[in-house]
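First comes the structure, then the notes that go with it.
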């Protein structure tokens, strides 16, 4: 089941988000998110009209997804950047495709025509997933990030709908 996230989901969202901060280079943050930071992010999105969805299976949140403006300038008003994260034990079950399609449909309803994804070049699973979902690589930024004592390349992928 995919539904709008509620405040009761924020701790699970924080756990999933922090897993990728603390154990991978896929998220370029260094420090784990606090409860207050997640609440601020969530309520800010709500105030600005951007949804956060959770995918729930067997009564447990398996992952979450959201989108926001790609850039804050009015010329980008039809372009959104999305984020999609799942607990490490929930991958490979088809959840990503379901939640991505839900995000795209929601974004279309709000007048968006493009999704952008910024993906670390070492995240092969995400790159393959996005390609299968119809995204195309449009830019590669070399050594744009630095984490865990290594330089990171970020690949931008785009899907128009």
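Scan 155, 104 and give me the residue that is crowded, with 18+ Cβ neighbours inside 10 Å and not in a strand (DSSP E or B).
104 is the lone residue from the list that is crowded, with 18+ Cβ neighbours inside 10 Å and not in a strand (DSSP E or B).
Considering the range 58-94, the residues that are modelled with pLDDT under 95 and in contact with a helix residue (DSSP H, G or I) (Cβ under 8 Å, 6 or more places away or on another chain) include one that is surrounded by the most Cβ atoms within 10 Å (Cβ to Cβ), namely 91.
When residue 122 is tested against (1) free of Cβ contacts under 8 Å to residues at least 40 places away in the same chain; (2) assigned to a loop (DSSP other than H, G, I, E, B), exactly one condition is not met: (1). If you check residue 30 against the conditions, is it surrounded by fewer than 19 Cβ atoms within 10 Å (Cβ to Cβ), in contact (Cβ under 8 Å) with a residue 60 or more places away in the chain and within 16 Å of the chain's Cα centre (by Cα)? Criteria not met by residue 30.
State which residue is surrounded by the most Cβ atoms within 10 Å (Cβ to Cβ) when the search covers only the range 133-145 and only residues that are outside any loop (DSSP other than H, G, I, E, B) and in contact (Cβ under 8 Å) with a residue 12 or more places away in the chain. Show your work before the answer.
Step one: of the range 133-145, the residues outside any loop (DSSP other than H, G, I, E, B) are 136-145.
Imposing the further condition that a residue be in contact (Cβ under 8 Å) with a residue 12 or more places away in the chain reduces the set to 136-141, 145.
Details: 136: 11, 137: 14, 138: 12, 139: 11, 140: 11, 141: 13, 145: 16.
Per the criteria, the residue is 145.
The values are calculated or read from the model by the stated rules, or taken from the named source; none is laboratory data. Computed from a predicted model, the values in this text were never measured in an experiment. Here the Cβ is made from the backbone with ideal geometry for all residues, glycine too, and neighbour counts use every protein chain on show.
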